[in-house]
Amino acid sequence: MSPAAKVRSGGAWAEAELTGAARLGGAWTRFSRLKTEESFAFDGTLAGTYDDGRAVALGLRWTASSPGLWIGCAVWVARYMSGLPLTVAAYHADTQVELSRAASAPTAELQSARVMFAKAVPVSPGVPYLANYHARFYVASFDTLPATSAHMTSDAGSRWIASDEIAFPVNGSQANYHVTPLVLF
């Protein structure tokens, strides 16, 4: 049964079933329960800004305990990144298959920027995923992983690779590069 809510009908309050529809992959999908967005709560104000003199792809491996929809990524925007291209991608962590990608140009730095996918990625429990972003400047902090939320858990370290474009990062690191998936559960 769908959740109920009080709505105004004919001048009186009445209970109504909450249902709706959302566009998923170009098609309308009906839903009957509210979805809650989750992400890892990283505090980028504690991170330092880094510049390796080249662009890098940085990622965080994570799993979910419930089915969901991955709708984008949030990235802590490093100093000097305002107005520069920021590309995020969703990967299956074991097969390295890219599931979705999106790009934006953050208008402010030293805060979290949300980059949303045009097509949501279905998330299955126990499947490893990788939230990834590509940038010249990035932030990193240490001793902040693994992270957890109500339905997600990250690995104890992150991944990186030097690359001229977004790519699957294969090198391990103990740093937290402050990228988090945005998932509806």
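Just so you know, all these numbers are worked out from the coordinates, no wet-lab data involved. Since this is a predicted model, take the numbers as computed values, not measurements. Every residue, glycine among them, receives a Cβ derived from its backbone with ideal geometry; neighbour counts consider all protein chains shown.
List 54, 79, 136 from most exposed to least, where exposure is judged by having the fewest other Cβ atoms within 10 Å.
54, 79, 136
Given Cα pairs under 8 Å that are at least 6 residues apart, what percent is the relative contact order of the stretch 37-184? If you can, show how the numbers build up before the last one.
On the way: 434 pairs, mean separation 59.9, N = 148.
Dividing the mean separation by the residue count of the stretch 37-184 yields 40 percent.
Among 92, 178, which comes first, then next, by fewest other beta-carbon atoms within 10 Å?
Details: 92 16, 178 26.
Going from least to most buried by this count: 92, 178.
With +1 on each Lys and Arg Cβ and -1 on each Asp and Glu Cβ, how big is the dipole of the stretch 37-184 about its Cα centre, in debye rounded to the nearest 20? Mind showing how you got there, number by number?
On the way: 8 positive and 12 negative charges, 39 e Å.
My answer is approximately 180 debye.
Rounded, prolate or oblate for the stretch 37-184? Axes are the square roots of the Cα gyration tensor eigenvalues, ordered a ≥ b ≥ c, and the cut-off for rounded is a/c under 1.5. Display every interim value, and only then the final one.
On the way: a/c = 1.44, a/b = 1.35, b/c = 1.06.
Rounded shape, in that the Cα axes give a/c under 1.5.
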